Number of protein chains: 2
Amino acid sequence: MYPMSTKQPDLTREKILQFAFCEIHRKGFQAASITNILQDTGMTKGALYHHFPTKQALGLAVIDEVIKKRLDALIFRPLRESERPVETLLEIIATIDQKVPSEYVMLGCPLNNLMQEMSALDELFQARLSAVFGLWQQAIEDALTRGQKQGVIRPDVDCQPTALFIASAWEGCIGIAKNMRSPEVFASCMKQLHGYVRGLQSEPAVATQEQYKGG
Amino acid sequence: MYPMSTKQPDLTREKILQFAFCEIHRKGFQAASITNILQDTGMTKGALYHHFPTKQALGLAVIDEVIKKRLDALIFRPLRESERPVETLLEIIATIDQKVPSEYVMLGCPLNNLMQEMSALDELFQARLSAVFGLWQQAIEDALTRGQKQGVIRPDVDCQPTALFIASAWEGCIGIAKNMRSPEVFASCMKQLHGYVRGLQSEPAVATQEQYKGG
DNA sequence: TACATTACATACCGAGCGGTATGGATGTGT
DNA sequence: ACACATCCATACCGCTCGGTATGTAATGTA
């Protein structure tokens with residue numbers, strides 16, 4: 001066991017998942033080629049179909065074990081663990097383009113890409129993707145709700161639909177920037193979203209008013 | 001000619017375009033099957049490849065001759081021809097779900113679907129799709145600019161990035177509602193967008209404040 | 001050490017795809 | 001009426017895809 005045996009099923013599975021994520025992110029799920037993924041990893045169909053019964057199962061695993069985890073580390077957890085969730089939300093919106101590989105502007109959000117492609121075609125994809133997006137929406141809603149209790153969000157804000165709108169607009173901004181192939185468009189859009197969230201804050205609390213990165 | 005001759009190339013071409021639009025709208029461009037389209041229309045490959053050299057050319061024609069025209073009739077032209085463009089914009093946002101087939105909530109925006117799928121893969125698609133989206137953004141920007149001249153939009157609003165954000169959020173709302181398979185989510189999201197646009201209006205002008213459909 | 005199970009590699013298959021070559025039917029200009 | 005271009009139908013091709021059947025080496029178990 002300790003001398004690094006040749007067969008390491010967990011690592012093999014993880015490696016396949018990572019390369020599958022990349023291929024799917026670049027080509028979309030349907031256009032993603034099993035053969036290409038295997039070619040990249042240097043493995044064969046025997047390995048892949050030992051760990052995943054079908055291409056669909058591989059796609060679903062990518063959603064749960066790669067995409068969800070990345071979003072959690074990037075957005076959900078910081079919001080959850082923050083003591084000033086509204087400030088954290090604003091900071092994430094303002095700096096998200098720096099915390100993600102620059103090529104992601106061209107490739108778009110992996111979650112949104114799959115949602116647009118697969119939701120209408122496959123119920124299992126739809127369910128998993130909706131679940132992940134639900135986490136996103138919930139993370140924002142919790143941040144707003146906690147902000148209201150802290151008095152930094154106006155009491156008249158209806159947090160649930162507001163969070164839904166923020167998450168939707170967020171995905172929309174990423175999608176359009178991807179289409180435009182323009183980091184500037186992405187920055188501009190996210191700045192507007194930033195302003196929208198700031199507009200939800202209570203009037204007295206203008207401390208974080210001009211925190212947005214200069215430009 | 002007058003007795004409805006058997007060969008009507010224009011109608012044939014248009015028929016192919018319409019069925020291709022439906023197939024692409026439902027399956028996406030790559031998954032759209034030429035064979036399926038022909039099966040639906042009752043035609044053959046001879047007809048299709050006489051009018052369109054490749055599948056790509058068919059897709060590009062669908063963008064310019066179907067999607068663009070529909071968006072123009074539904075959104076761009078009403079905004080352009082309106083004398084109160086801001087009110088018109090608000091009205092479109094508030095009633096868009098009634099002016100479009102109900103199944104479109106499940107299928108999403110044809111433009112956005114193609115943008116998400118094809119922009120990263122094909123430069124010609126990217127160019128055409130960006131052009132159409134640019135019309136959208138420009139239509140909103142013009143509406144806001146004219147609104148500013150009329151005094152109904154606050155002078156401090158920067159119309160260009162604001163229009164970009166509105167269009168992006170708009171597409172985002174459609175995309176998320178499609179993923180959720182929920183007309184209610186769509187209505188909720190668009191209501192928030194409606195509120196955002198209202199927030200751009202000058203304070204004195206509260207006439208259209210509560211125009212949003214009851215619910 | 002003997003054996004069963006896991007973890008892969010290799011070769012192969014049917015199906016559906018976009019695209020083409022060819023031929024015939026229809027309209028058009030002269 | 002004849003030549004010709006347009007319009008469309010049919011049959012076919014090469015390719016790639018996801019998936020499988022089979023074999024084999026490594027690993028866990030007794």
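The values are calculated or read from the model by the stated rules, or taken from the named source; none is laboratory data. All values derive from a computational prediction rather than experimental measurement. Don't worry about glycine lacking a Cβ; one is built from the backbone with ideal geometry, like all the others, and counts go over all protein chains shown.
Here B:Glu65 passes the criteria (1) surrounded by fewer than 18 Cβ atoms within 10 Å (Cβ to Cβ); (2) within 13 Å of DNA strand D (Cβ to nearest atom) except the one numbered (2). In segment A:152-185, the qualifying residues are those that are buried (at least 22 other Cβ atoms within 10 Å of the Cβ) and more than 9 Å from chain B (Cβ to nearest Cβ), and the one that is farthest from B:Val185 (Cα to Cα) is A:Ile153. Return the residues of segment B:104-148 that are more than 10 Å from every other protein chain (Cβ to nearest Cβ) and assigned to a loop (DSSP other than H, G, I, E, B); say none if nothing qualifies. Of everything in segment B:104-148, just one residue is more than 10 Å from every other protein chain (Cβ to nearest Cβ) and assigned to a loop (DSSP other than H, G, I, E, B), namely B:Asp122.
Residues checked against (1) of a type in the set (Ser, Thr, Tyr); (2) part of a helix (DSSP H, G or I); (3) touching a His at 6+ places or on another chain (Cβ under 7 Å); (4) away from DNA strand C (no atom under 13 Å from the Cβ):
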{"position": "B:Leu11", "(1), (2), (3), (4)": "no, yes, no, no"}
{"position": "B:Cys22", "(1), (2), (3), (4)": "no, yes, no, yes"}
{"position": "B:His25", "(1), (2), (3), (4)": "no, yes, no, yes"}
{"position": "B:Ala32", "(1), (2), (3), (4)": "no, no, no, no"}
{"position": "B:Leu38", "(1), (2), (3), (4)": "no, yes, no, no"}
{"position": "B:His50", "(1), (2), (3), (4)": "no, yes, no, no"}
{"position": "B:Ala57", "(1), (2), (3), (4)": "no, yes, no, no"}
{"position": "B:Glu65", "(1), (2), (3), (4)": "no, yes, no, yes"}
{"position": "B:Asp72", "(1), (2), (3), (4)": "no, yes, no, yes"}
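Summed over segment B:82-104, the residues that are of a type in the set (Gly, Ala, Ser) and at pLDDT below 95 give a count of 1.
Might you let me know whether segment B:40-52 holds any residue that is within 23 Å of the chain's Cα centre (by Cα) and either over 30 Å from B:Cys159 (Cβ atoms) or surrounded by 12 or more Cβ atoms within 10 Å (Cβ to Cβ) (or both)? No, segment B:40-52 contains no residue that is within 23 Å of the chain's Cα centre (by Cα) and either over 30 Å from B:Cys159 (Cβ atoms) or surrounded by 12 or more Cβ atoms within 10 Å (Cβ to Cβ) (or both).
Scanning segment A:20-35 for residues that are away from chain B (no Cβ under 14 Å) and surrounded by fewer than 18 Cβ atoms within 10 Å (Cβ to Cβ) turns up A:Ile34, A:Thr35. Within segment B:1-42, the set of residues being of a type in the set (A, V, I, L, M, F, W, C) and modelled with pLDDT under 95 comprises B:Met1, B:Met4, B:Leu11. In segment A:24-32, the count of residues that are closer than 25 Å to A:Pro183 by Cα, away from DNA strand D (no atom under 16 Å from the Cβ) and touching a helix residue (DSSP H, G or I) at 6+ places or on another chain (Cβ under 8 Å) is zero.
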